[in-house]
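The numbers here are math on the coordinates, done by the rules we state, and not lab data. These numbers come from a predicted model, not from an experiment. As a convention, Cβ positions derive from the backbone with ideal geometry for all residues, glycine included, and neighbour counts pool all protein chains shown.
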Amino acid sequence: MIAWSKDDERLKEGIGLWFGKFAEDFPREPWLAVMESGLLRLPFDEKWGGLGQSLLTTMYVLEEPGRGCPNTGLNFGITTHMVSTGVALQRFGSTALKDAYLPRVCAGTAIGAHAVTEPDSGSDMLGMRTTATADGDCYRLSGSKAFVGNGPVADLVVVYAKTEPAAGPLGVTAFLVPRDTPGLTFGDPVEKMGLRSSPLCSLFLDDCRVPKTHIVGRVGAGFLVLDHVMTWEILCRFIVSTGEMRRRLDRCVEYAGQRSAFGRPIGGFQAVANRIVDMKIGLETSGKWLYDTAEKFTAGRKVTADLATAKLVAGRAALDSALGAVQVFGGNGYLAEYGLEQELRGAVAGTIYSGTTETQYNRIAATLGLGRAA
Ligand SMILES: Cc1cc2nc3c(=O)[nH]c(=O)nc-3n(C[C@H](O)[C@H](O)[C@H](O)COP(=O)(O)OP(=O)(O)OC[C@H]3O[C@@H](n4cnc5c(N)ncnc54)[C@H](O)[C@@H]3O)c2cc1C
């Protein structure tokens, strides 16, 4: 069991909230199990409590919670936590910031989130209105953010704000803001279609004073941080989703072998078998795109089009696989007790978060010289 320290009281409450009110399947124990497993430590430097593993190894391991854990909201929360603060800090944080926060992120005793999207700007990130104004040794942050994954239970949020509104993409800066910072408040958790065990909320910054030492990276380099974090987010989140697709495939193969209609197993009908084969092709193609992109990224090569393609392929395959599984299970697929409708609701979000399907198309189009990337 985890030995909680006094400092972790708020986290205990948070976990209670996460796995109490919002859990579909579990009480809070799964997060403790995740913490104990060492999963959260995988890609981080050993100096700060990590296991020093590469992106590719991290992805191989992350397939397993996807395959083994039907709580897709928990899986979503794990990757949000790892990439939003951990990856941002590891790559861009000062040594002092890493010393102060990375060990808790690695241990899972401080839950991470990031806040980019605003009520009036999502895909159009440059349209963000949150500002950060220099004031002595601090910046004063004002504005509001929406759709903060892990927000209701987060201890640390990387907030993206405009430090120089006229400077366009070079005018955004990333700040690490601990939950108890005066001027930072969180909205109530919002109800949503799926991923219900991964709570989401808005946050509000009202003249919130954040020390300059809490800047992640450099002033004006927020989009550089975000680009790196989003690359990790897509690769890690969607490799988890290939694990989920593999579990659905296994379930469908088993079900199609056991369920009979017209005197034979339904897997003997070509229409059913083809649907299952499509699920397999979708998951294998997704894995290939994700791992190939990760390898290229690790080698320091440009992956704009590859990443967008990987996200499109994997997001669509996850949705097709969830819908296919419901169909293979027939009426049972529509019942909550089989868990597939919950997975379908979760898969819909994969075409929206980490950049919508349409904006991924824009990115690929831009690499072909067709229009401007959004
Ligand atoms: C489950 C979930 C978790 C999330 N977690 C986080 C989080 O942790 N932190 C965070 O900051 N955000 C988070 N988000 C927000 C997410 O990143 C945004 O919802 C997403 O970027 C889309 O922005 P939007 O909702 O404002 O839609 P809009 O940008 O308003 O888009 C509406 C529609 O218009 C389309 N559209 C917009 N611009 C273009 C264009 N140029 N060309 C073609 N089509 C276009 C979009 O594709 C979409 O179909 C989360 C969202 C979800 C659903």
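Quick look at the values:
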| read-out | value |
| --- | --- |
| Linear extension gain, GLN327 paired with SER94, 0.36 nm per residue minus alpha-carbon span | 78.8 nm |
| Which of MET245, MET82 has the fewest Cβ neighbours within 10 Å, and the rest in rising order | MET82, MET245 |
| ³J(HN,Hα), Karplus 6.51/-1.76/1.60, whole Hz, each residue of segment 189-206, x for Gly, Pro | x, 9, 7, 9, 4, x, 6, 6, 8, 10, x, 10, 7, 8, 9, 10, 10, 10 |
| Computed lengthening from CYS138 to GLU46, 0.36 nm per intervening residue step minus Cα-Cα distance | 30.1 nm |
| Candidates GLY220, GLY324, GLY263: whichever shows maximal mean-square fluctuation once the chain is modelled as a Gaussian network with Cα springs under 10 Å | GLY263 |
| Value at 222 nm in deg cm²/dmol, rounded to 500, when DSSP H runs of n ≥ 4 in the chain each add -39,500 (n - 2.57) | -15000 deg cm²/dmol |
| The chain: equivalent-ellipsoid semi-axes (sqrt of 5 x gyration tensor eigenvalues, Cα, Å) | 36, 24, 19 |
| Relative contact order (%) - the chain, alpha-carbon pairs under 8 angstrom, separation at least six | 16 percent |
| Cβ-based exposure ranking for LEU200, LEU97, LEU368, LEU235, in which fewest neighbours within 10 Å come first | LEU368, LEU97, LEU200, LEU235 |
| DSSP bridge orientation in the chain - percent antiparallel, rounded to nearest 5 | 85 percent |
| Ascending count of other beta-carbon atoms within 10 Å, so fewest first, for GLU254, GLU244, GLU295 | GLU254, GLU295, GLU244 |
| Pairwise label distance in nanometres, GLU284 with LYS302, each label 7 Å out on the Cα-Cβ vector | 3.2 nm |
| Neighbour count of at most 13 Cβ within 10 Å plus DSSP loop: longest chymotrypsin sites (Phe, Trp or Tyr not before Pro)-free window in the chain | 5-261 |
| Unit Cα scatterers, Debye sum, segment 223-367: log10 I(q)/I(0) for q = 0.10, 0.15, 0.22 Å⁻¹ | -0.38, -0.74, -1.26 |
| Which of PRO199, VAL219, GLY355, positive extreme of dipole for the chain (C-beta unit charges) | GLY355 |
| Charge dipole magnitude, Cβ of K and R +1, D and E -1 - the chain, Cα centre, debye nearest 20 | 640 debye |
